[in-house]
Amino acid sequence: MQMTEMDTAVSLRAQMATELGAVVLVNIFRVPPADADALIAAWTEDALYFKRQPGFISTQLHRGIAGSGVFLNYAVWESTACFRRAFDNPEFWARLAAYPPSTVASPHLFQKVAVADVCVA
């Protein structure tokens, strides 16, 4: 698997060093459509690993329609510290070998934004 930054100005590592409460991980995966089933199988094992980690709240995988090989995953965490512990665990890094070699992943952390009359933080 190859990892690329979603934001070239702010790395995932820099984000993980920022101490915040609730955060959302958004990860865009790209694979050739022929590798989609293998990506889903590897992601499922990752999700089961993350579900056992302290501070994990939820996750959801989405796939682009019409035969797309683009997937969007989001996961909600209690804090950047909780995500960082799970992400930096060697057990997680060993799991990445299960993804198809064609996989390109772009993980990024987000925080809710309050917008008057539209949504709350």
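Where a number appears in this text, it was derived from the coordinates with a stated rule and is not lab data. In this text the structure is predicted, and so the values were computed from the model without any measurement. All Cβ positions, even for glycine, are placed from backbone atoms using ideal geometry, and neighbour counts span all protein chains on display.
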When you check residue 83 against the structure, is it more than 24 Å from residue 32 (Cβ to Cβ), buried (at least 18 other Cβ atoms within 10 Å of the Cβ) and among the aromatic types (Phe, Trp, Tyr), yes or no?
yes
Qualifying position, being assigned to a strand (DSSP E or B) and farther than 24 Å from residue 19 by Cα, among 48, 61
61
How about the range 89-111: which of its residues are surrounded by 11 or more Cβ atoms within 10 Å (Cβ to Cβ), over 16 Å from residue 40 (Cβ atoms) and touching a residue at least 40 places away in the same chain (Cβ under 8 Å)?
92, 106, 107, 108, 109, 110, 111
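If you check 69, 55, 21, which single one turns out to be loosely packed, with under 15 Cβ neighbours inside 10 Å and not charged (D, E, K, R)? It would help to see each step written out before you state the result.
Details: 69 fails: loosely packed, with under 15 Cβ neighbours inside 10 Å; 55 fails: loosely packed, with under 15 Cβ neighbours inside 10 Å.
After applying the criteria, what remains is 21.
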Of (1) surrounded by fewer than 16 Cβ atoms within 10 Å (Cβ to Cβ); (2) in contact with a Pro (Cβ under 9 Å, 6 or more places away or on another chain), residue 60 fails just (2)
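Give 68, 58, 102 a once-over and let me know the one that is within 12 Å of the chain's Cα centre (by Cα) and among the hydroxyl-bearing types (Ser, Thr, Tyr).
Numbers: 68 fails: within 12 Å of the chain's Cα centre (by Cα); 102 fails: within 12 Å of the chain's Cα centre (by Cα).
When all the criteria are applied, what remains is 58.
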